[in-house]
1. Among the residues of region 46-55, is any of a type in the set (Gly, Ala, Ser) and assigned to a helix (DSSP H, G or I)?
2. Right, Gly166: closer than 16 Å to Asp23 by Cα and without any contact (Cβ under 8 Å) to a residue 24 or more places away in the chain or not?
3. Out of all the residues in region 97-120, is one or more β-branched (Val, Ile, Thr), more than 23 Å from Ala35 (Cα to Cα) and in contact with a strand residue (DSSP E or B) (Cβ under 9 Å, 6 or more places away or on another chain)?
4. Can you say whether Arg133 is in the same structural domain as Glu36 (by TED's automatic domain parsing), of a type outside the set (Gly, Ala, Ser) and over 18 Å from Arg15 (Cβ atoms), as far as the supplied structure shows?
5. Picking from Ala71, Ala112, Ala77, Ala100, which residue would you name as being crowded, with 21+ Cβ neighbours inside 10 Å, modelled with pLDDT under 95 and either within 20 Å of the chain's Cα centre (by Cα) or outside any loop (DSSP other than H, G, I, E, B) (or both)?
6. Are any residues in region 124-145 in contact with a strand residue (DSSP E or B) (Cβ under 8 Å, 6 or more places away or on another chain) and surrounded by fewer than 21 Cβ atoms within 10 Å (Cβ to Cβ), and if so, which ones?
7. Go through (1) more than 16 Å from Tyr18 (Cβ to Cβ); (2) at pLDDT below 95 and name the single condition Pro107 misses.
Amino acid sequence: MGDKNNRAAQDLVERIEYYDGADKRALWLSSDLVAELTPSEPGRAAVLARDAQALERPQSSRGVRVWRVRAQEGVDALARSLTREQVKFAPVVHESASSAAPMLALPGGAVATFPAGWDRARIDTWLAARGLRVESTVVAEANMHLVATAPGLESVRIANELYESGELVACTPNLWREARTR
């Protein structure tokens with residue numbers, strides 16, 4: 001019985017690493033959940049058109065709708081194919097290898113903290129050389145900005161590349177976290 005419970009507790013297999021400051025952390029990719037960011041009827045229609053068996057997974061956050069889907073191409077590829085101008089999807093990830101762990105999603109963007117001496121013009125030039133741009137300012141006093149990226153695993157890849165450049169103070173993917181009551 002202990003083995004069965006251990007298997008159930010560790011049911012996710014695809015691991016993605018990202019930086020949280022200088023520390024590397026892991027996210028575990030759900031094999032069957034996608035998050036619909038800013039839920040809408042066109043979003044519901046898009047999911048059901050791709051998978052008529054898709055089920056909305058009950059959860060407490062009104063700003064995100066989570067769908068259990070069959071995604072033979074993988075949830076990241078499915079989320080990318082469903083995303084349109086007014087409809088945005090992201091794969092669901094967890095901070096442990098258990099699907100029972102709280103859900104997170106990758107709505108897009110990398111939260112980058114630039115050196116204190118860099119002004120906005122230098123930041124914009126540095127990002128433009130990499131084909132990127134600032135989407136919004138997170139904390140002006142900390143020189144922290146949200147760098148625009150596509151939703152999903154692409155945001156992790158870009159955040160890692162920016163941090164590994166060695167020029168930034170920090171850079172981490174933007175994460176939505178499931179609200180949990182105590």
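The values are calculated or read from the model by the stated rules, or taken from the named source; none is laboratory data. Small disclaimer: the values here were computed from a predicted structure and weren't measured. All Cβ positions, glycine included, derive from the backbone under ideal geometry; neighbour counts span all protein chains shown.
1. Yes: region 46-55 contains one or more residues that are of a type in the set (Gly, Ala, Ser) and assigned to a helix (DSSP H, G or I).
2. Criteria met by Gly166.
3. Looking for residues that are β-branched (Val, Ile, Thr), more than 23 Å from Ala35 (Cα to Cα) and in contact with a strand residue (DSSP E or B) (Cβ under 9 Å, 6 or more places away or on another chain), one finds at least one in region 97-120, hence yes.
4. no
5. Step by step, each of Ala71, Ala112, Ala77, Ala100 is checked, and only Ala71 is crowded, with 21+ Cβ neighbours inside 10 Å, modelled with pLDDT under 95 and either within 20 Å of the chain's Cα centre (by Cα) or outside any loop (DSSP other than H, G, I, E, B) (or both).
6. Asp124, Leu127, Leu132, Arg133, Val134, Glu135, Ser136, Thr137, Val138, Ala142, Asn143, Met144
7. So Pro107 meets the others, but not (1).
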